[in-house]
Amino acid sequence: MDRTGIAGKVALVTGAGRGIGAAVATALSDLGATVAAVDIDADEGTAVAARLAEQGGKAGPYVADVADAASVAGVVDRVERDLGPVDILANVAGVLHPGKVHDLADEDWHRTFAVNTDGVFHLCREVTRRMVPRGRGCVVTVGSNAAGVPRHGMAAYAASKAAATLFTKSLGLELAEHGIRCNVVSPGSTDTDMLRALAGEGDASQVIEGSPETFKVGIPLRKLAAPEDVADAVAFLASDRAGHITMHDLYVDGGATLRA
């Protein structure tokens, strides 16, 4: 017996081509959702959708740039036409351009907000305006623990995720009367391509130990998160088991921020 309420629902997942997005798409598919795997990279999105289908799931690949409002409107139309009404929106697409504020290029700042913040706005606006008349649905935005704690060399990323987090909570307040829940999952350091690019070719020991020179606390649980750890949190908040939870920010960071 399905106690999650996810089986048979349509889930739109952005950034589904790799990392946390691919893990979220897999977790929701495993629970019986029909997944729209949305990614800016057609090949990666297609590969994930094909893998889910091979595993017995129902999934389709869709290409969109979340930073482009017209692209988002078009993909939401296609998904609802092909798969049916979207019940679950998982905002996972994100970019990271590290750098100190004085060294940060304008284009890096603008692209960070265009994807991490504007993208969440574009998807939420297009999807939830359709959810309201139906009186059901849920949104889960993947933020970051950097949204709650200052991070050295990550001002643009942290600010963009903080904006997306408060936007999602505010949306949740507006939509509560329609029975639509909006929550946030905030990962810490997670074993993804993004983290490896940030850390370089070294092992994860410095991330786990922390770096006093940049005022970064280590990870009390002594390990990185796996993408599946984050995906499980998203799936929980998307499920009926979280039916009375909205406007919540669930940290999945091994205690790294000491929940500051």
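Every read-out reported here was derived from the displayed coordinates using simple, explicitly stated rules and does not represent laboratory data. Keep in mind the model is a prediction, meaning the values are calculated, not measured. Neighbour counts run over all protein chains shown; Cβ positions are idealised from the backbone, glycine included.
Using the Cβ of Asp249 as centre and a radius below 15 Å, the other residues enclosed give a net charge of +3, where K and R count +1 and D and E count -1.
Using only the Cα atoms of region 141-258, build the gyration tensor, take square roots of its eigenvalues as a ≥ b ≥ c, and label the shape rounded, prolate or oblate: rounded if a/c is under 1.5, else prolate if a/b is larger than b/c, else oblate. Here region 141-258 falls in the prolate category.
Where [x] 21; [y] 17; [z] 29 are the candidate values, the label of the one calculated here for percent of Cα pairs over 32 Å apart is [y]. GNM on the chain, alpha-carbon springs under 10 angstrom: the most fluctuating residue among Leu221, Leu89, Leu237 is Leu221. Rounded to whole numbers, the Karplus 3J(HN,Hα) couplings from phi for region 178-183 are 9, x, 9, 9, 9, 9 Hz, using 6.51 cos²θ - 1.76 cosθ + 1.60 with θ = phi - 60°, and x at Gly and Pro.
Put the Cα centre of region 1-39 next to the Cα centre of region 113-181 and the gap is 18 Å. Here's how it looks for Val252: its modeled amide H is under 5 Å from those of Ser186, Gly188, which are all 5 or more places away or on a different chain.
Of the trypsin sites (Lys or Arg not before Pro) found in region 94-193, those in coil by DSSP whose Cβ has at most 10 other Cβ atoms within 10 Å are Lys100.
Here the gap between Ala70 and Ala204, fully extended at 0.36 nm per residue and compared with their Cα-Cα distance, gives a gain of 44.3 nm.
For the chain, the longest principal axis of the Cα atoms and the long axis of helix 227-238 meet at an angle of about 50 degrees. Angle check, please: helix 19-30 long axis (alpha carbons) against the longest principal axis of the chain (alpha carbons), in degrees 0 to 90, nearest 10. Helix 19-30 sits roughly 30 degrees off the main axis of the chain. Summing charges over all other residues whose Cβ lies under 14 Å from the Cβ of Gly148, with Lys and Arg as +1 and Asp and Glu as -1, gives +3. Bridging of Lys161 to aspartates and glutamates at a Cα separation below 16 Å is possible for Asp108, Asp118, Asp249, Asp253, once same-chain residues fewer than 8 apart are set aside.
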